[in-house]
Amino acid sequence: MLFSSLPFMIFFLPLFFFVYFMAKKRSTRNIVMLIFSLFFYAWGEIYYVYLIIFSVAVNYFMAVMIDKSQPGDIKTRRGRRILIINIVFNLLIIGFFKYADFLMSIISQIPGVELKSLNIPLPLGISFFTFQIVSYVIDVYNKKVASQKNLLFLGTYIIGFQHLVAGPIVRYETIAYELENRTENIREIADGLRRFTAGLAKKVLIANNMAVLCDTIWAYEPSRSGAVGMWIAVVAYTMQIYYDFSGYSDMAIGLGKMMGFHYLENFNYPYISQSVTDFWRRWHISLSTFFRDYIYIPMGGNRVKTSRWILNMMTVWLLTGLWHGAAWTFILWGVYYGVLLIIEKLLLQNTLVKIPVLRNIYALAAIMFGWIIFRSDSAAQIGVVVKTMFGAYGSGSFIGLVSAGAVRPMSVIAGIAGIIYSMPASRRLKDIFLRKPYLPYVYDAAAIAIMFLCILTLAQGSYNPFIYFRF
């Protein structure tokens, strides 16, 4: 079940909030959230509900044992052993379901070895909830948080439907207090609903229209799309993946706020970045900070000699690529960013600072090429896309794409809106707008109209893919 689906919008969400606010005690509301979250997960993955419950239970007991094994701040051998066992346990789960077939396909390349694919369906949100669990247990080990003694409360944190499928990756320390002591009020409920509506509009009105445009042209033969068509497809995908994922994050943050939770921001206008380093401070912030805090820094970070730092960077980015999917193109995508970030740090750092406009162009070009790798199914396809963009199969024609129905009026409108909304100026205009007397009421009326427009669009059976749904 996706946030941008009619069953969720019309049935699940109203029923959940009715039951949630009917409950008076905090513990009861947490149980309501847990029950609805399990139903939410079971909607698409009924058999894997047992897996996530089992995972929560095992990690609960291991975290409690780690907590007990550390008197004061002394890290005992027993606690360290349990932590290692816990990390291995979680990695084995995600490794089996996400990477087993990929590994077997690699082994099958050995002459005389033939392994059949298991074709195991990927549990929804496994990459997100696994990282949340691991971060929680490590933080317990490092004494950043105390272990949660209430199993149902821990389940509420990990399985919470608002961030279960596609994040953001919520650290336990962010919501530890609110899990048991949060308060809901009408003002924050209204703010959360506005944020949810903004995210829904990003997803349904911008990302989905960009998806139609990109997928249509991407499926063309290179000679049919030409350079013009392929540039349009790449720009459309650049918009699609941003509004697809940031829209979902906005909806999750909005839903959390309606329940009294305050999740950290996951995106900060990434397409105004002035370098690739800057981009990864702004894009999928919860993932970037996870790899920084739990892998990069423990390996020594940048406080080591250059050769070791390069190894640290490439390891982190290889793992980042693998996190996104079990395919060579994801590995290549991770390696691409690792190499680019190393080059920036060693060679381009001082030069980029001195070129105000070109550094933005450079960053955006590097990001778009990264999305070509991410979107492609093979290295060969990457080559075809790049050659098509630079005229190897003809220039193509915008008018021809319009005539063929690839470029539609809604695509153009969504694209323009996407460009405007990707810049901070849109937020400043909103803030100015809301400070004017009576205009906030106009804003809320517009939000209600957008909500109904999104529901109407979904009811018409519009194209509604979700890129990060498979991660």
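Report the charge-dipole magnitude of the chain in Debye, nearest 20, computed about the Cα centre from +1 at each Lys and Arg Cβ and -1 at each Asp and Glu Cβ.
1180
A 24 angstrom limit on the alpha carbon distance is what I want to check against. Which of LYS202/LYS257; LYS24/LYS257; LYS24/LYS68; LYS25/LYS149; LYS24/LYS149 exceed it?
LYS24/LYS68
When the solvent-accessible surface of protein heavy atoms is calculated with a 1.4 angstrom probe, in what order do HIS324, HIS262 fall, highest first?
HIS262, HIS324
Give the calculated FRET efficiency between ILE46 and MET299 to the nearest 0.05, with a Förster radius of 51 Å applied to their Cβ-Cβ distance.
So the FRET efficiency works out to roughly 0.85.
Top to bottom by accessible area (1.4 Å), largest first, where do VAL357, VAL49 land?
Largest to smallest exposure gives the sequence VAL357, VAL49.
So what are the ³J(HN,Hα) numbers for the stretch 369-386, from phi and the Karplus equation (6.51, -1.76, 1.60; θ = phi - 60°), rounded to whole Hz, Gly and Pro as x?
Values, residue by residue: 5, x, 5, 4, 4, 4, 7, 7, 8, 7, 5, 4, 5, 4, x, 5, 4, 5 Hz.
Hey, got a sec? Which chymotrypsin sites (Phe, Trp or Tyr not before Pro) in the stretch 1-57 land in a DSSP loop and have at most 14 other Cβ atoms within 10 Å?
Those that pass, being in a loop and sparsely packed, are TYR47.
Taking all protein chains in place and a 1.4 Å probe, what share, in percent, of the accessible surface of the stretch 1-114 do carbon and sulfur account for?
That fraction is 74 percent.
Which loop chymotrypsin sites (Phe, Trp or Tyr not before Pro) in the stretch 347-412, with loop taken from DSSP, have no more than 13 other Cβ atoms within 10 angstrom of their Cβ?
Those that pass, being in a loop and sparsely packed, are PHE390.
Ordering SER223, SER69 by accessible area with a probe of 1.4 Å, largest first, what comes out?
SER223, SER69
Taking +1 at the Cβ of each Lys and Arg and -1 at the Cβ of each Asp and Glu, which of TYR294, GLY334, GLY256 sits farthest along the dipole of the chain towards its positive end, judged by Cα position relative to the Cα centre?
TYR294
Once ligands and nucleic acids are excluded and a 1.4 Å probe is used, how much of VAL316 is accessible, expressed in Å² to the nearest 10?
Per-residue accessible area (VAL316): approximately 10 Å².
With a 1.4 Å probe and all protein chains left in place, how much of the accessible area of the stretch 290-404 comes from carbon and sulfur atoms, in whole percent?
69
Using a probe of 1.4 angstrom, how much of the accessible area of the stretch 130-211 is carbon and sulfur, in percent?
That fraction is 55 percent.
Just to confirm my numbers, what's the Cα centroid distance between the stretch 302-342 and the stretch 116-166 in Å?
One Cα centre to the other: 24 Å.
Indicate the gyration tensor shape class of the stretch 232-298 (rounded, prolate or oblate), computed on the Cα atoms with a ≥ b ≥ c the square roots of the eigenvalues: a/c under 1.5 is rounded; otherwise a/b larger than b/c is prolate and the rest oblate.
Oblate.
Excluding ligands, DNA and RNA, what is the solvent-accessible area per residue of the chain at a probe of 1.4 Å, expressed in Å²?
47
How large is the dipole of the stretch 267-375 about the Cα centre if only Lys and Arg carry +1 and Asp and Glu carry -1, each at its Cβ, rounded to the nearest 20 debye?
Charge dipole of the stretch 267-375: 220 debye, to the nearest 20.
Ignoring trypsin sites (Lys or Arg not before Pro) that are buried or in helix or strand per DSSP, and keeping those with at most 10 other beta carbon atoms within 10 Å, what is the longest stretch of the chain between them?
The answer is 117-302.
The values are calculated or read from the model by the stated rules, or taken from the named source; none is laboratory data. This is a predicted model, so every value here is computed, not measured. Ideal geometry is used to build each Cβ from the backbone, glycine not excepted, and the neighbour counts take in all protein chains shown. Quick note on the areas: whole protein, heavy atoms, side chains included, nothing else; ligands and nucleic acids left out. Shrake-Rupley method; radii C 1.70, N 1.55, O 1.52, S 1.80 Å.
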